[in-house]
1. Could you list, in sequence order, all residues of the stretch 59-71 that are among the hydroxyl-bearing types (Ser, Thr, Tyr) and in contact (Cβ under 8 Å) with a residue 60 or more places away in the chain?
2. Identify, from the list Ala36, Ala17, the residue that is free of Cβ contacts under 8 Å to residues at least 12 places away in the same chain, surrounded by 13 or more Cβ atoms within 10 Å (Cβ to Cβ) and either part of a helix (DSSP H, G or I) or outside the structural domain of Asn136 (by TED's automatic domain parsing) (or both).
3. Of all the residues that make up the stretch 106-133, how many are among the aromatic types (Phe, Trp, Tyr) and surrounded by 11 or more Cβ atoms within 10 Å (Cβ to Cβ)?
4. Conditions: (1) under 14 Å from Arg134 (Cβ atoms); (2) in a loop (DSSP other than H, G, I, E, B). Gly57 meets all but one. Number of the miss?
5. Taking Val13 and the conditions (1) out of contact with any Asp or Glu (no Cβ under 9 Å at 6 or more places or on another chain); (2) at pLDDT 95 or above, which numbered condition does it fall short on, given that it satisfies the others?
Amino acid sequence: MEKSKSVPNYRPVIGVALLSLLLCGLFFPLVVTGIAQIILPYQANGEIVHLDGRSVGSALIAQGFNSTMLFHSRPANQSASGVDPDITLSDAISQVPRISGATGIPEARLTSIVDENVEGTLWIFGSPYVNVLRLNLILIGENPHLYENLTG
């Protein structure tokens, strides 16, 4: 008896692979992105913050503030990723004297700005924190004459 040689049929396998690639790699991401753009556009676009119509940063990523007139983010060795946009409440309060000395804004007002922008934590989990970009935008908004050389 002679054995017949059968040729493997790869067509179904290739078809399923291409269909999966189109559905999972193209269609699904486009649908999810479209839904996110409709329902949560601010968050879907990276929470971009604007000042005078210009994009100045994201509320989700630390900005490289180095002026003595502004709040600073945590140094990279104190943040796991180095891009943490928030600082602890105590870190923000510790920067108040420096900013007051550089700008002439009373320490009481700076402390008030920090206190008004403390973001809560879930019950007992975590420590109170503030967003550095938000604090700095408030400073610039309340005192445009002091910061005009920084904002261009």
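The values are calculated or read from the model by the stated rules, or taken from the named source; none is laboratory data. No experiment lies behind these values; they were computed from the predicted model shown. All Cβ positions, glycine included, derive from the backbone under ideal geometry; neighbour counts span all protein chains shown.
1. Residues of the stretch 59-71 that are among the hydroxyl-bearing types (Ser, Thr, Tyr), as a first pass: 67-68.
Matches in the stretch 59-71: Ser67 only.
2. Working: Ala17 fails: surrounded by 13 or more Cβ atoms within 10 Å (Cβ to Cβ).
Selected residue: Ala36, the only one of Ala36, Ala17 that is free of Cβ contacts under 8 Å to residues at least 12 places away in the same chain, surrounded by 13 or more Cβ atoms within 10 Å (Cβ to Cβ) and either part of a helix (DSSP H, G or I) or outside the structural domain of Asn136 (by TED's automatic domain parsing) (or both).
3. Within the stretch 106-133, the first condition is being among the aromatic types (Phe, Trp, Tyr), and the residues that meet it are 123, 125, 129.
If we keep only those that are surrounded by 11 or more Cβ atoms within 10 Å (Cβ to Cβ) too, we end up with 129.
Counting residues in the stretch 106-133 that are among the aromatic types (Phe, Trp, Tyr) and surrounded by 11 or more Cβ atoms within 10 Å (Cβ to Cβ) gives 1.
4. (2)
5. (2)
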